[in-house]
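Worksheet: one structure, shown below.
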Amino acid sequence: MNTTRHASIEIRKEDTHFSAAHFTVFSASERENLHGHDFFVSATATGPVDSNGLCFDYNELKTRLRALCNSLDETLLLPAESPHIAIEEGDDGVTLRFSDECHRFLRRDVKLLPVRNITVEELAHWFTDELVREGLARMPIDSLKLRVSSGPGQWAEAEWQRSSHEGDSR
């Protein structure tokens, strides 16, 4: 009987975190005040164990996760796809219009993300989408659970599953 063994590897390291400012938008006229969090990120990848007793090179996943965290560190995160916020980018600045407010930020301080809101839910999906876009699907991984926390006891999780029609380089 030929059975494939699977294993899950969790990556939750001291350096898979970032500090960023944001505000959550609740409606067309209501939002939180601008504030910051120390966000923490963990990933659990599942795949088949090969003949050498390895699932995949998890150093590659750790490196990618760290790079994504570093790209957000010490920035103001803004949702580029919010239906309630208008964002104008200039050479040196970003102007944000929300309800009757107008805010201007230095371009170097802002990270625009292709999300609808800056929430742990949206950030979990952003990290997952970025990892898949960067080649996760080429790795021998069948599924990924990505978790983002904005504080102790407050996590959101997104999940990616390899579909049966995705290219598989194993």
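The values are calculated or read from the model by the stated rules, or taken from the named source; none is laboratory data. Values in this document were obtained by computation on a predicted structure and should not be read as measured data. Please note: Cβ atoms are built from the backbone with ideal geometry, for glycine as well, and neighbour counts cover all protein chains shown. Just so you know, the surface numbers come from the protein's heavy atoms only, side chains and all, with ligands and any DNA or RNA stripped out. Shrake-Rupley method; radii C 1.70, N 1.55, O 1.52, S 1.80 Å.
Looking only at region 4-24, filter to residues that are touching a Ser or Thr at 6+ places or on another chain (Cβ under 8 Å) and assigned to a loop (DSSP other than H, G, I, E, B); which one of those is modelled with the highest pLDDT?
Out of the qualifying residues, it is Thr24.
Could you check, for region 123-131, whether at least one of its residues is out of contact with any Gly (no Cβ under 6 Å at 6 or more places or on another chain), within 16 Å of Phe23 (Cα to Cα) and aromatic (Phe, Trp, Tyr)?
No, there is no match, as no residue in region 123-131 is out of contact with any Gly (no Cβ under 6 Å at 6 or more places or on another chain), within 16 Å of Phe23 (Cα to Cα) and aromatic (Phe, Trp, Tyr).
Under 6 Å by Cβ, and 6 or more places apart or on different chains, what pairs join a residue from region 132-151 that is within 13 Å of Thr44 (Cβ to Cβ) with one that is open to solvent by 10 Å² or more (accessible area, probe 1.4 Å) and among the hydroxyl-bearing types (Ser, Thr, Tyr)?
Asp142/Thr46; Ser143/Thr46; Lys145/Thr44
Against the condition touching a strand residue (DSSP E or B) at 6+ places or on another chain (Cβ under 9 Å) and touching a residue at least 24 places away in the same chain (Cβ under 8 Å), how does Leu106 come out, does it pass?
Here the answer is no, as Leu106 does not meet what is asked.
Would you mind stating whether Leu78 is open to solvent by less than 30 Å² (accessible area, probe 1.4 Å), within 14 Å of the chain's Cα centre (by Cα) and modelled with pLDDT under 95?
When the stated conditions are applied, Leu78 does not pass them.
So which residues in region 14-34 are open to solvent by 70 Å² or more (accessible area, probe 1.4 Å) and touching a strand residue (DSSP E or B) at 6+ places or on another chain (Cβ under 8 Å), if there are any at all?
Leu34
Out of all the residues in region 90-112, is one or more open to solvent by 80 Å² or more (accessible area, probe 1.4 Å) and either touching a Lys or Arg at 6+ places or on another chain (Cβ under 7 Å) or closer than 26 Å to Arg162 by Cβ (or both)?
There is at least one residue in region 90-112 that is open to solvent by 80 Å² or more (accessible area, probe 1.4 Å) and either touching a Lys or Arg at 6+ places or on another chain (Cβ under 7 Å) or closer than 26 Å to Arg162 by Cβ (or both).
So Asp91 passes all but one of these: (1) assigned to a helix (DSSP H, G or I); (2) at pLDDT below 95. Which condition number does it fail?
(1)
Test of understanding: among Ser27, Ser42, Ser82, which residue is of a type in the set (Gly, Ala, Ser) and part of a strand (DSSP E or B)?
Ser42
Which residues, counting only those in region 49-75, are exposed (fewer than 13 other Cβ atoms within 10 Å of the Cβ), under 21 Å from the mean Cα position of the chain (by Cα) and farther than 29 Å from Arg107 by Cα?
Residues satisfying the conditions are Asp57, Asn59.
Counting just the residues of region 116-170 that are part of a loop (DSSP other than H, G, I, E, B), polar (S, T, N, Q) and modelled with pLDDT of 95 or more, which one comes out surrounded by the most Cβ atoms within 10 Å (Cβ to Cβ)?
Step by step, filter region 116-170, then rank; the result is Asn117.
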